[in-house]
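Enquirer: Before I ask anything, here is the structure I am working with.
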Amino acid sequence: MSRRALARVGSRRIATLAALLAFATLAMGAKRPPGLGDVSDVRTWSYPTFTRVVVETTRASRGALRHLAANPAAGRGERLYVDLPGIWVGAGVDPIRVRDGLLDGVRLGQNTPRTTRLVVDLSRYSRHRLFFLSAPHRLVLDVYGPRDGKAGRPPPAVSPPGRKPSPRRSVPVPSMSVGRLPLELRPVQKVVIDPGHGGKDPGAVGLNGLREKDVNLVVAKDLAERLRARGFDTFLTRTGDETLSLEERTARAEGAQGDVFVSIHANAARRRGAHGIETYFLDANHERHALRVAARENGIAPSALDDLQRTLADLRVGEVGSYSQALARAVHPELIRGVKASHGSVRDLGVKRGPFYVLFLSSMPSILVETGFVTNRSDARRLGSRFYRNVLAEHIARGLSRYRSERALQLARDS
């Protein structure tokens with residue numbers, strides 16, 4: 001054996017010994033190194049075509065995800081793992097049983113004194129998406145694949161010791177086939193509607209106590225009704241005054257397997273003169289104004305947008321982004337025309353690009369509609385009016401019908 005080969009063997013042995021020493025140190029109850037963050041919560045959601053795993057931590061940590069094939073001889077199944085530097089779990093977290101036909105379970109343990117390892121044991125696997133979000137810091141892992149039909153109902157999610165378990169919410173999602181047409185071949189039939197905020201999160205609170213979450217829900221429900229009358233299928237991420245984290249909200253949207261995603265919001269500004277309607281789609285680029293709106297709707301400080309931009313830079317948003325832009329350009333002009341016809345005037349703030357969590361946590365063409373400013377006297381009066389909200393819903397529905405027709409024509413030309 002050459003010296004170089006011997007050196008490689010020697011380095012592997014040294015690395016193996018170092019790992020064994022690290023585990024032995026932990027097993028003997030070594031003290032926690034200073035300056036580390038903690039795992040504060042672990043949550044999972046299971047849907048027909050994917051499972052979402054969220055690990056929340058008290059400080060930022062990023063790591064690369066690796067895929068390991070099954071090794072029957074060693075008794076090891078197929079799995080994914082991510083190492084999180086600067087995070088401490090000590091003796092570890094009890095394994096979280098998922099067993100939903102896609103994931104067998106989730107494990108967290110101290111891989112080295114300064115690194116926690118997340119391991120996802122797989123039953124089935126096709127692909128994954130990984131995000132790192134802030135405020136709070138969390139890892140979001142989506143695992144996609146055909147489920148094992150023999151799997152039973154998943155048990156409740158488990159949180160780390162010292163915290164109450166996060167309840168797994170049962171969300172009614174229609175049964176559907178796992179296989180889907182590629183985006184460029186897919187007709188527009190199901191619209192996922194997301195009434196922003198809700199429950200403990202009122203969103204923006206404007207003049208006379210007008211709450212964004214209430215406006216959003218009324219418009220969303222009316223929109224769903226009008227879309228169904230036009231032959232669309234619809235799914236609402238919430239139908240009542242419910243508190244949803246952004247990762248659960250978008251897990252519901254993704255699980256519904258919609259063809260487009262429309263998030264309904266109302267705007268706010270310190271300057272009471274700010275008013276008008278604007279529509280956003282996801283893009284790696286953005287306008288300066290979009291960052292302020294994105295920070296508010298994402299529930300993060302403007303300083304945290306650097307992390308968000310880094311996440312966006314790692315994503316391939318080009319393909320879905322072009323469809324999202326076409327969706328925005330179909331809906332927004334129709335909405336402006338409708339409000340002008342019914343109310344005489346409206347300030348058109350345009351179609352814009354913006355880094356919104358609800359847009360990039362969904363893999364379907366997506367837009368976010370800001371229907372007006374609750375902090376502006378004229379806009380707030382309109383948003384509090386049932387007639388105005390009906391106009392909003394009607395013309396968003398017309399814009400979606402226009403987009404469906406445009407896609408149908410495109411599909412016919414390409415066939």
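Enquirer: When you scan segment 341-392, how many residues do you find that are assigned to a helix (DSSP H, G or I), over 30 Å from VAL140 (Cβ atoms) and in contact with a strand residue (DSSP E or B) (Cβ under 9 Å, 6 or more places away or on another chain)?
Expert: So the count comes out to 8.
Enquirer: Could I ask something else about it? In this structure, does ARG238 turn out to be in contact (Cβ under 8 Å) with a residue 12 or more places away in the chain and within 21 Å of the chain's Cα centre (by Cα)? Step through it out loud before you land on a result.
Expert: Details: in contact (Cβ under 8 Å) with a residue 12 or more places away in the chain: yes; within 21 Å of the chain's Cα centre (by Cα): yes.
So ARG238 passes the test.
Enquirer: Moving to a separate point now. Condition first: in a helix (DSSP H, G or I), closer than 30 Å to LEU130 by Cα and modelled with pLDDT of 95 or more. Now tell me which residues in segment 220-264 satisfy that. Step through it out loud before you land on a result.
Expert: Going residue by residue through segment 220-264, those that are in a helix (DSSP H, G or I) are 220-229, 246-255.
With the extra rule that they be closer than 30 Å to LEU130 by Cα, the set shrinks to 220, 246-255.
Hit for segment 220-264 is ALA220, nothing else.
Enquirer: To continue, here is another question. If a residue has to be modelled with pLDDT of 95 or more and either outside the structural domain of LEU133 (by TED's automatic domain parsing) or over 20 Å from VAL143 (Cα atoms) (or both) to count, how many in segment 74-105 make the cut?
Expert: Selection size over segment 74-105: 4.
Enquirer: Could you grab me the full set of residues in segment 37-73 that are of a type outside the set (Ser, Thr, Tyr) and either in the same structural domain as GLU254 (by TED's automatic domain parsing) or farther than 22 Å from PRO95 by Cβ (or both)? Walk me through it before giving the result.
Expert: First, pick out the residues of segment 37-73 that are of a type outside the set (Ser, Thr, Tyr): 37-39, 41-43, 45, 48, 50, 52-56, 59-60, 62-73.
Hits for segment 37-73 are PRO48, ARG59, ALA60, ARG62, ALA64, ALA73.
Enquirer: Looking only at segment 326-336, how many residues end up being among the charged types (D, E, K, R) and either touching a His at 6+ places or on another chain (Cβ under 7 Å) or part of a strand (DSSP E or B) (or both)?
Expert: So the answer is 1.
Enquirer: Taking ASP201 as meeting all but one of (1) in contact (Cβ under 8 Å) with a residue 60 or more places away in the chain; (2) closer than 30 Å to PRO146 by Cβ; (3) not aromatic (Phe, Trp, Tyr), write down the number of the exception.
Expert: That leaves (2) as the condition not met.
Enquirer: Scan (1) touching an Asp or Glu at 6+ places or on another chain (Cβ under 9 Å); (2) over 21 Å from PHE387 (Cα atoms); (3) outside any loop (DSSP other than H, G, I, E, B); (4) at pLDDT 95 or above for the single condition LEU217 breaks and write down its number.
Expert: Status for LEU217: all satisfied but (2).
Enquirer: Picking from ALA330, ALA341, which residue would you name as being surrounded by 20 or more Cβ atoms within 10 Å (Cβ to Cβ) and either under 19 Å from ARG389 (Cα atoms) or at pLDDT 70 or above (or both)?
Expert: Values: ALA341 fails: surrounded by 20 or more Cβ atoms within 10 Å (Cβ to Cβ).
Matching residue, one of ALA330, ALA341: ALA330.
Enquirer: Ok, one more. When only residues in segment 80-109 that are among the small types (Gly, Ala, Ser) and assigned to a strand (DSSP E or B) count, which is farthest from PRO146 (Cα to Cα)?
Expert: Result: GLY109.
Enquirer: Within segment 265-280, restricting attention to residues that are under 10 Å from VAL374 (Cβ atoms) and assigned to a loop (DSSP other than H, G, I, E, B), which residue is nearest to the chain's Cα centre (by Cα)?
Expert: This residue is ALA268.
Enquirer: I want to confirm something. Restricting to segment 371-403 and keeping residues that are among the charged types (D, E, K, R) and surrounded by fewer than 24 Cβ atoms within 10 Å (Cβ to Cβ), which single residue is farthest from ARG270 (Cα to Cα)?
Expert: Per the criteria, the residue is ARG402.
Enquirer: For segment 162-185, check the following and say yes or no: at least one residue is modelled with pLDDT of 95 or more and either surrounded by 17 or more Cβ atoms within 10 Å (Cβ to Cβ) or within 25 Å of GLU56 (Cα to Cα) (or both).
Expert: Within segment 162-185, none of the residues are modelled with pLDDT of 95 or more and either surrounded by 17 or more Cβ atoms within 10 Å (Cβ to Cβ) or within 25 Å of GLU56 (Cα to Cα) (or both).
Enquirer: If I filter segment 51-79 down to residues being within 20 Å of the chain's Cα centre (by Cα) and part of a strand (DSSP E or B), which single residue comes out as farthest from ASN111 (Cα to Cα)?
Expert: THR51
The values are calculated or read from the model by the stated rules, or taken from the named source; none is laboratory data. Quick caveat: nothing in here was measured; it's all calculated off a predicted structure. Quick reminder, even Gly has a Cβ in these numbers, built from the backbone with ideal geometry, and neighbours come from all protein chains shown.
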